[in-house]
Amino acid sequence: MIVSHHLLLVPSLACPASCTYCFGPHVGESSMSEQMVAAIVRWQNDALGDKEPLEITFHGGEPLVPGASFYSMALPMLRDGLSPRKVKFAMQSNLWLLTDELCELFREHSVSIGTSLDGPEAINDAQRGKGYFARTMAGITRARAHGLNPGCVCTFTEQTAPRANEIFDFFVSQGLGLSVHAAMPSLRYPQNRERTLSAQTHGDLLIGLLEHYLANVDKIRVSTLDSMCRSVSAGHGGICTFGDCLGDYLAVGPDGAIYPCQRFAGMSEYRIGNVHDCPTREEMARAPIWQMFQARQENIANECGDCAHLKYCRGGCPYNVLADGRDLPPRFCPN
């Protein structure tokens, strides 16, 4: 089986939105330069030398902040510079800054578009900010007009989980697929905890959504539940949250700093290198944060070795563990 590797690019740490539970960066004005994209290509080719397919996801911050000029440069440079390696592009954006020119670029380069929406306008704007719903729906409409089909990340909080069926029905009515995210503590903003989903509420939410999904499976796709079912069937996690993700979801910030994943972008204490130095995997693995995560993965294997769910759980997301101030058992483990 051919396995795709993942690279998350954060072309800007800025974001115009102000979601109440945000864990990501939304500061700064600088954007990734052409020289930085060229350095990323050199790093991938010269230091890592992987031959497997690569999934490049533009994330943030808000990845549309750099505008069409950045993507008209970056997309062909990455595609051609990494050839003959097969490259697949994706993006996670609130779509506020989406333009017709960007839509055509994304269609030309087969960029898969994802956005974030938490349900109907009143529910969404209560936790993502007034006006968010209208601006993101306008972006979805624009994308669809160009033949793009965005999916949605839907973040559930303690306040919205009880309205899960209403939220689910909204996505069905709009013909929008969704992935289910739980609001979690943030390393950047530890004060934003009032919307964090408890383990019990999260479990009840997933069970309730699965029952509702099975009754409407011909009308909508819930990618999170699909992936969880595949993971249980296959005996290993199919998403980064439920797998030994270390080293396979590297992220690069606008200044070239490399992080274990996008959630750490902009936090200097979690850097594991810089693309300008062209670090190999072995060199990045010497970074203290890499070694800490590696030790945790080994500890999970020892401490949870007799758990029937270990193969497709793997202790959960390392970021969530750090932000929640926990180690083992994982946050959503009932034991």
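The values are calculated or read from the model by the stated rules, or taken from the named source; none is laboratory data. On a predicted model such as this, the values are computed, not experimentally measured, just so you know. We place every Cβ from the backbone using ideal geometry, glycine too, and count neighbours over all the protein chains shown. The protein model used for the area step is the full one, side chains on, heavy atoms only, and it has no ligands, DNA or RNA in it. Shrake-Rupley method; radii C 1.70, N 1.55, O 1.52, S 1.80 Å.
Using Cβ point charges alone (K and R +1, D and E -1), the dipole size of the chain about the Cα centre works out to roughly 160 debye. Among DSSP beta bridges lying fully in the chain, give the percent that are antiparallel, nearest 5. Expressed as a percentage, antiparallel bridges in the chain total about 15. Other residues with beta-carbon under 14 Å from the beta-carbon of Ala287 carry, at +1 per Lys or Arg and -1 per Asp or Glu, a net charge of -1. The Cβ shell under 11 Å around Thr20 holds other residues with a net charge of 0, Lys and Arg each +1, Asp and Glu each -1. Picking from Gly49, Leu187, Ile140, whose Cα lies most toward the positive end of the charge dipole for the chain (charges on Cβ: Lys, Arg +1; Asp, Glu -1)? Most positive-ward Cα: Ile140.
Between exposed GluC sites (Glu not before Pro) in the chain, where DSSP calls loop and at most 13 other Cβ atoms lie within 10 Å, what's the longest gap? Can you show the working numbers first?
Working: sites that count: Glu29, Glu194.
Answer - 30-193.
Mean residue ellipticity at 222 nm, helices only, the chain: -11000 deg cm²/dmol; runs of at least 4 DSSP H residues each add -39,500 (n - 2.57), and the sum is divided by the number of residues.
Surface composition of the chain: carbon plus sulfur atoms hold 52% of the accessible area, using a 1.4 angstrom probe and ignoring ligands, DNA and RNA.
Taking the Cα centre as origin and putting +1 on Lys and Arg beta-carbons and -1 on Asp and Glu beta-carbons, what dipole magnitude results for segment 152-303, to the nearest 20 debye? The partial results should precede the final answer.
Details: 12 positive and 17 negative charges, 39 e Å.
Charge dipole, segment 152-303, about its Cα centre: 180 debye, nearest 20.
Taking one quarter of the surface of the C-alpha convex hull of the chain gives a mean projected area of 16.3 nm².
Neighbours of His236 by Cβ distance under 9 Å: Lys/Arg scored +1, Asp/Glu scored -1, total +2. Only the Cβ atoms of Lys and Arg (+1) and of Asp and Glu (-1) were treated as charged; on that basis the dipole of segment 118-180 about its Cα centre amounts to roughly 300 debye.
Farthest toward the positive end of the dipole of the chain, out of Met36, Val172, Gly316, is the Cα of Val172, where the dipole comes from beta carbon charges about the Cα centre.
Can you figure out the FRET efficiency of Glu121 with Thr99, using R₀ = 22 Å and their beta-carbon distance, to the nearest 0.05? Could the numbers behind the result be given before it?
Values: r = 23 Å, r/R0 = 1.06.
Here the calculated transfer efficiency is 0.40.
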